[in-house]
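The values are calculated or read from the model by the stated rules, or taken from the named source; none is laboratory data. Remember, it's a predicted structure, so these values are computed and weren't measured experimentally. All Cβ positions, even for glycine, are placed from backbone atoms using ideal geometry, and neighbour counts span all protein chains on display. Heavy atoms of the whole protein, side chains included, go into the accessibility calculation; ligands, DNA and RNA do not. Shrake-Rupley method; radii C 1.70, N 1.55, O 1.52, S 1.80 Å.
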Amino acid sequence: MTLHLNLFIYPGGHHEAAWRYAGSEPERVMHLSYYAELAQRAEAAKFDAIFFADGPSLMENVQYAARVKPEPLTLLSAIGAVTERIGLIGTASTTYSQPYNLARQWASVDHLSGGRAGWNIVTTGAPNAAQNFGLAEHPVHAERYARADEYLDVVTKLFDSWEDEALVADPASGLYADPDRVHRVDHTGRFFSVAGPLNLPRSPQGRPVYVQAGSSDDGRGFAARWAEAIFTAHQTLGSAQEFYADIKDRAARLGRDPGGVKVLPGISPILGSSQREADELEERLNELTQPAYGLGQLHRLTGVDLSSYDLDAPFPREVLDTGGERSEASRFQLVVDIIQREKPTLRQVLHRLAGARGHRVVAGTPELVADQIQLWHESGAADGFNVMPPYLPGGFDDFVDHVVPILRQRGLFRTEYAGTTLREHYGLDRPASQYTHPLEETA
Ligand SMILES: Cc1cc2nc3c(=O)[nH]c(=O)nc-3n(C[C@H](O)[C@H](O)[C@H](O)COP(=O)(O)O)c2cc1C
């Protein structure tokens with residue numbers, strides 16, 4: 001069973017105070033070279049892909065955090081030119097974009113990279129995005145997922161609108177494309193009306209790998225129908241196993257091969273040559289945090305302003321209204337679970353979220369981190385991981401230099417790429433065009 005590893009790149013690193021940590025190069029987060037070097041490092045380590053998150057609004061309080069970065073599709077196109085094998089996964093919203101444009105952008109990245117594109121499909125959790133698109137209100141959770149479902153139906157038709165055999169390009173006969181193999185999609189639905197065809201031929205992977213990152217009931221339903229890789233956040237083995245089993249089961253009930261849906265939780269490894277050294281590093285990073293930033297993040301996630309509460313008193317659980325509509329439902333629940341399970345102070349909650357926004361932080365020796373990765377992988381909780389270094393580039397260098405060799409010694413992680421496309425790295429089939437007659441496919 002191959003373990004899949006992505007490098008989840010966040011400017012400065014995933015710890016919210018990483019940019020203040022020595023060696024994290026915050027002045028370079030708008031430079032191509034910063035990301036190109038990380039991508040080339042991940043490729044040299046034979047990672048499956050690099051991943052960029054995104055939101056069409058300034059979500060973070062930039063007064064305290066270096067949370068600015070280039071737009072993913074633009075950045076991935078540039079990185080595609082200076083790499084050869086590493087998968088290129090980026091986020092784009094179905095709530096704040098139009099299917100025809102996004103389909104041709106992703107098909108272009110797939111063509112230009114020789115088949116390495118992956119699209120993290122999000123409905124956008126940040127309510128403040130609405131004002132950037134002329135909307136008074138951020139659409140509610142269920143509405144966003146309903147739109148996303150139709151959106152995927154449309155873009156999949158567009159990606160398939162040129163059959164693989166459509167492109168002829170025969171100067172002698174003068175036939176460039178076979179018109180019988182280029183199809184209008186003529187989609188009319190509740191949210192979209194799109195004629196098609198797409199204005200470029202079918203890409204090397206047929207379509208980008210569909211990635212998704214929502215864990216609510218709606219999110220899981222959407223993922224079971226469309227996702228080929230699922231990013232998720234879990235603090236405990238038990239909750240990761242429950243999610244893994246549920247997603248695979250939902251996909252199977254829709255007639256899909258559960259092996260065609262890869263589940264990748266996030267892991268933020270804080271490494272030391274001893275447990276004590278790792279704990280001290282985590283402490284140093286936490287000491288660099290600024291409560292005002294963490295309280296702002298907590299307010300965005302829970303809807304509650306806790307800035308007047310004593311940071312070192314037990315977290316005031318009673319203020320959390322667990323009944324309301326949540327923009328990021330599963331992430332909110334994850335915070336509630338931490339509070340109920342660990343009875344922390346407010347400051348301890350801030351430090352837990354400072355590490356990786358609710359993703360699992362594992363502080364320890366390379367052996368301990370490798371053990372945890374192997375345990376989750378072999379216990380039906382993960383097909384792989386989004387590796388989220390606490391600070392960059394050093395935190396990633398340490399993972400590659402000290403943890404990857406252990407995973408290889410244990411026969412868990414590749415030493416060489418077997419293929420050239422992201423689908424080949426993930427062991428995913430290349431989908432046929434829905435317009436190609438099944439009989440012709442086998443001809
Ligand atoms: C690894 C990971 C990456 C994510 N990346 C993004 C992102 O780039 N942009 C975004 O708006 N939401 C992102 N999300 C949030 C999800 O899209 C979604 O809003 C969140 O998981 C809550 O989904 P739910 O309401 O279906 O539970 C990410 C979530 C995870 C687990």
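Summing charges over neighbours of ASN286, with a neighbour being any other residue whose Cβ is under 13 Å away from its Cβ, gives -2 when K and R count +1 and D and E count -1.
Can you list, largest first and rounded to whole Å, the semi-axes you get for region 96-247 by taking the square root of 5 times each eigenvalue of its Cα gyration tensor?
Largest first, region 96-247 gives 33, 20, 13 Å.
Near GLU342, once Lys and Arg are set to +1 and Asp and Glu to -1 for all other residues with Cβ below 12 Å from its Cβ, the sum equals +3. Using equal-weight Cα scatterers in the Debye expression, the normalised intensity of region 176-231 in log10 at q = 0.15, 0.20 Å⁻¹ is -0.68, -0.94. Of the chymotrypsin sites (Phe, Trp or Tyr not before Pro) found in region 79-144, none is in coil by DSSP with at most 16 other Cβ atoms within 10 Å of its Cβ.
Kindly work out what percent of the DSSP beta bridges joining two residues of the chain are antiparallel, to the nearest 5.
Details: 7 of 42 bridges.
Of all bridge pairs located within the chain, approximately 15 percent are antiparallel.
Note down the Stokes-Einstein diffusion coefficient of region 5-52 in µm²/s, whole number, using a Kirkwood radius over alpha carbon pairs, 37 °C, and 0.692 mPa s. It would help to have the intermediate numbers written out before the result.
Working: Rh = 11.2 Å.
D, rounded to a whole number, is 292 µm²/s.
Dividing the convex hull volume of the alpha carbon atoms of the chain by its residue count gives 152 Å³ per residue.
Size descriptors for region 329-370: radius of gyration and Dmax over Cα atoms are 11.7, 34 Å. Spatially, region 183-218 and region 20-58 are offset by 28 Å when compared through their Cα centroids.
For region 236-278, the Cα-based Rg and Dmax, in that order, read 15.8, 49 Å. Here the Kirkwood formula puts the hydrodynamic radius of region 249-384 at 17.0 Å, using every distinct Cα pair. Protection proxy ranking for 292-305, 180-193, using the average of other Cβ atoms within 10 Å per residue and placing the highest first: 292-305, 180-193. Within the shell of other residues whose beta carbon sits under 13 angstrom from the beta carbon of LEU32, the net charge comes to 0, with Lys and Arg scored +1 and Asp and Glu -1.
Averaging over all projection directions, the Cα-based convex hull of region 1-86 occupies 6.5 nm² in the image plane.
Straight-line cross-link partners of LYS262 among the lysines, defined as a Cα under 29 Å from its Cα and at least 8 positions apart when in the same chain: LYS46, LYS69, LYS157, LYS248. Taking all C-alpha pairs of region 334-436, those more than 23 Å from each other amount to 46 percent. In the frame of its principal axes, region 86-145 has Cα extents of 40, 18, 17 Å, reported largest first.
Counting residues in region 246-311 as N, plug N into 2.2 N^0.38 Å and put the Cα Rg over that result. Can you show the working numbers first?
Working: Rg = 19.8 Å, N = 66, 2.2 N^0.38 = 10.8 Å.
For region 246-311, the normalised Cα radius of gyration is 1.83.
State in Å² the accessible area per residue of the chain; use a 1.4 Å probe, count heavy atoms of protein chains only, and round to the nearest integer. Intermediate results must be reported in sequence, preceding the final value.
Numbers: 18040 Å² over 443 residues.
Ligands and nucleic acids excluded, the figure is 41 Å² per residue.
Using a 1.4 Å probe on the protein heavy atoms, what percent of the accessible area of the chain belongs to carbon and sulfur? The C+S portion of the solvent-accessible surface of the chain is 51 percent.
Scan the chain and hand back the longest stretch that contains none of the GluC sites (Glu not before Pro) lying in DSSP loops with at most 14 other Cβ atoms within 10 Å. Don't jump to the answer; show the numbers that get you there.
Working: sites that count: GLU84, GLU137, GLU325, GLU416.
Between exposed loop sites, the widest span is 138-324.
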